[in-house]
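Presented below is the structure to which this report refers.
The values are calculated or read from the model by the stated rules, or taken from the named source; none is laboratory data. In this text, all values refer to a predicted model and were calculated from it rather than measured experimentally. Quick reminder, even Gly has a Cβ in these numbers, built from the backbone with ideal geometry, and neighbours come from all protein chains shown. Just so you know, the surface numbers come from the protein's heavy atoms only, side chains and all, with ligands and any DNA or RNA stripped out. Shrake-Rupley method; radii C 1.70, N 1.55, O 1.52, S 1.80 Å.
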Amino acid sequence: MDVSISHYPKERFCTDFFRVINFLQKYGAKSFNCNWHWARWEWLIGHSMLDMDSLPRIGLFELDNEIVGLATHDMRLGSAYIICNPEYETLKHEMLLYAEKNLSENGISGIYIEDNDAILINYAEQQGFYLSDEKEYVSALDCSKGKFKYDLNGGYIVTDYSESKDINKYFRVMWKGFDHEGEPPAFTEEDIIAKPHFIPELTVFIMTPDGEYAAHCGTWYDPKTREAYVEPVVTIPEYRKRGLGKAAVYESINRCIGMGAKTALVISNQQFYYRIGFKENSVHSLWKKII
């Protein structure tokens with residue numbers, strides 16, 4: 001099998017970006033790759049805090065000019081992910097060696113492996129990796145039965161980014177929702193990295209009667225996969241325990257259902273998601289090696 005390996009360029013939304021998107025739409029969020037939805041890739045490449053110098057460390061494994069494997073990091077080096085076309089699982093050993101060499105940091109190599117992926121676990125053990133306590137959980141919500149109901153009392157209303165386009169209110173709910181201190185820095189539209197598959201109508205906010213954003217849920221959707229990817233979800237601390245997070249998630253997912261979604265995925269095992277109907281889909285453990 002004559003597989004070639006190339007490095008992702010030091011660019012964000014280049015030709016290889018869209019090639020990886022197409023690969024992940026076919027093979028991501030499936031089989032042992034459930035923690036890599038195509039939207040996670042777009043979230044990574046479009047993140048303002050991405051270290052651009054780390055992009056060429058990402059490896060593309062190709063056969064006849066078609067991507068059959070991806071070895072990548074997620075925001076930081078030291079923890080790698082291997083996403084593979086299931087027809088080429090024998091590549092996993094070579095991909096593991098690539099990840100160890102190119103995606104390690106500060107003398108530590110790590111790779112997240114789905115707990116049922118016996119082939120990759122075997123390769124990791126042979127290479128001297130050990131199982132750590134760190135894990136990623138993928139949870140799924142069945143959307144095939146139609147839209148979800150929620151109550152929104154107290155004068156709160158639903159809006160989205162297509163209606164308001166207020167970038168500073170958007171960033172304030174994110175800043176406060178992730179428990180940062182003080183007020184966020186001011187932004188303009190020019191500060192935002194435009195993501196190719198961003199849909200403003202799926203960027204939902206729950207707004208207070210006085211116009212403040214109290215909760216937010218963003219989803220990503222493409223009809224090729226019929227999967228909604230939930231990222232991110234926040235509620236400002238003083239508005240928690242009022243059902244606003246649930247309302248934001250359900251409203252955003254409902255809009256995806258209206259576009260044809262049959263499943264919603266989130267990378268989390270927070271009880272909040274289980275309480276609103278998500279169920280554990282897969283567990284991915286971090287295997288480490290001191291190099």
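Observations
- Dipole magnitude for the chain: computed about the Cα centre from +1 point charges on Lys and Arg Cβ and -1 point charges on Asp and Glu Cβ, it is near 840 debye.
- Protein heavy-atom accessible surface, 1.4 Å probe, per residue over the chain: 47 Å².
- Expected 222 nm ellipticity per residue - DSSP helices of 4 or more, -39500 (n - 2.57), all of the chain, to 500: -7500 deg cm²/dmol
- Positive dipole terminus of the chain, leading residue within LEU63, HIS37, GLY78 (C-beta point charges): HIS37
- In the chain, the longest principal axis of the Cα atoms and the axis of helix 244-259 are about 70 degrees apart.
- Top of GLU181, GLU114, GLU136 by mean-square fluctuation, Gaussian network on the chain, Cα under 10 Å: GLU181
- Calculated FRET value between MET75 and THR208, using beta carbons and R₀ = 22 Å, to 0.05: 0.10
- The apolar share of the surface of the chain, taken as the fraction of accessible area on carbon and sulfur atoms (1.4 Å probe, ligands and nucleic acids excluded), comes to 49 percent.
- Residue of GLU227, GLU190, GLU134 that the Gaussian network model of the chain assigns the largest fluctuation, springs spanning Cα pairs under 10 Å: GLU190
- Nearest-20 debye value, region 1-127 charge dipole, Cβ charges on Lys, Arg, Asp, Glu: 340 debye
- The orientation-averaged shadow of the Cα convex hull for region 19-144, equal to a quarter of the hull surface, comes to 8.7 nm².
- Cα-based Rg of region 120-238 normalised by 2.2 N^0.38 Å, two decimals: 1.38
- The convex hull defined by the C-alpha atoms of region 7-75 has an orientation-averaged projected area of 4.2 nm².
- Computed over region 77-185, relative contact order equals 20 percent, with contacts defined as Cα pairs under 8 Å that lie 6+ residues apart.
- In a reduced charge model with +1 at each Lys and Arg Cβ and -1 at each Asp and Glu Cβ, region 86-218 shows a dipole moment near 380 debye about its Cα centre.
- Farthest toward positive dipole pole in the chain [+1 Lys/Arg, -1 Asp/Glu at C-beta], among CYS256, LEU24, ASN116: CYS256
- Per-q log10 I(q)/I(0), region 75-169, q = 0.14, 0.16, 0.21 Å⁻¹ (Debye; single scatterer per alpha-carbon; no solvent): -0.71, -0.77, -1.08
- Counting charges near TRP175 (Lys, Arg +1; Asp, Glu -1) among other residues having Cβ under 15 Å from its Cβ returns a value of -4.
- Near the amide H of GLU105, within less than 5 Å, lie the amide hydrogens of GLY78, all on another chain or at least 5 residues away, with H placed in the peptide plane.
- For GLU62, net neighbour charge (Lys/Arg +1, Asp/Glu -1) across residues whose Cβ lies under 15 Å away: -4
- Ranked by the mean number of other Cβ atoms within 10 Å per residue, highest first, peptides 214-226, 18-30 order as 214-226, 18-30.
- Estimated inter-spin distance, MET52 and ASN116, nm [label 7 Å along Cα→Cβ]: 4.2 nm
- Hull-based mean projected area of the chain, where the convex hull spans the alpha carbons, in square nanometres: 15.8 nm²
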